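Read-outs: derived from the displayed coordinates by stated rules, not from any lab. From a predicted model like this one, the values you see are computed outputs, not experimental measurements. We place every Cβ from the backbone using ideal geometry, glycine too, and count neighbours over all the protein chains shown.
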Amino acid sequence: MLKRAFLALLLALPTAAQTLDPAAIAFRLPDQIPWGPVTANGNQQAVLVGDPSGPGLYVVMVRWLPGHMSRPHSHPNDRFITVLSGTWWMGSGTTFDPNATVPMPAGSFVTHFGRGIHYDGAKDEPAVLLIIGEGPGTSIPAAAVTPSGAAPR
């Protein structure tokens with residue numbers, strides 16, 4: 001009986017914080033996410049891995065502020081998006097119509113296909129997204145896309 005009481009006491013005691021081997025694991029806590037400035041489109045970006053402006057894999061977080069949406073555009077490559085928080089609104093096609101957008105609640109997974117024209121953003125609440133893609137992750141305005149789906153050179 002005494003052994004059980006002693007064991008219970010040991011288990012209830014706080015333990016020392018463990019450290020992680022930085023050669024094995026890298027992490028950032030929420031207050032360490034490197035958010036950039038708010039853009040004219042009403043969003044912020046935090047680059048987590050890679051460089052979205054160059055070739056190769058990139059991972060970014062995007063925070064859309066309420067009441068802001070992009071205009072119809074496309075990207076040269078597929079992008080894979082998870083809604084982390086809030087509701088993200090999406091529309092497709094060359095005509096910008098926020099009333100025709102579809103809500104994607106937190107937990108939703110979306111694929112934006114390369115050269116597919118779409119627009120997106122937040123309405124009544126912020127939306128935070130995790131975007132994984134192959135760079136360059138540039139945005140091409142819909143007006144600049146030719147009928148073949150390619151941006152003019």
Lys, Arg +1 and Asp, Glu -1 on Cβ, resulting dipole of the stretch 48-135 about Cα centre, debye, nearest 20: 60
Centre separation in Å (Cα based) which lies between the stretch 36-96 and the stretch 111-130: 6
Can you list which of the chymotrypsin sites (Phe, Trp or Tyr not before Pro) found in the stretch 20-70 are DSSP loop residues with at most 14 other C-beta atoms within 10 Å? F27, W35
Tell me whether the stretch 48-135 comes out rounded, prolate or oblate; compute the Cα gyration tensor, take square roots of the eigenvalues as a ≥ b ≥ c, and use a/c under 1.5 as the rounded threshold. oblate
So which chymotrypsin sites (Phe, Trp or Tyr not before Pro) in the stretch 73-115 pass both tests, a DSSP loop state and at most 15 other Cβ atoms within 10 Å of the Cβ? F96, F113
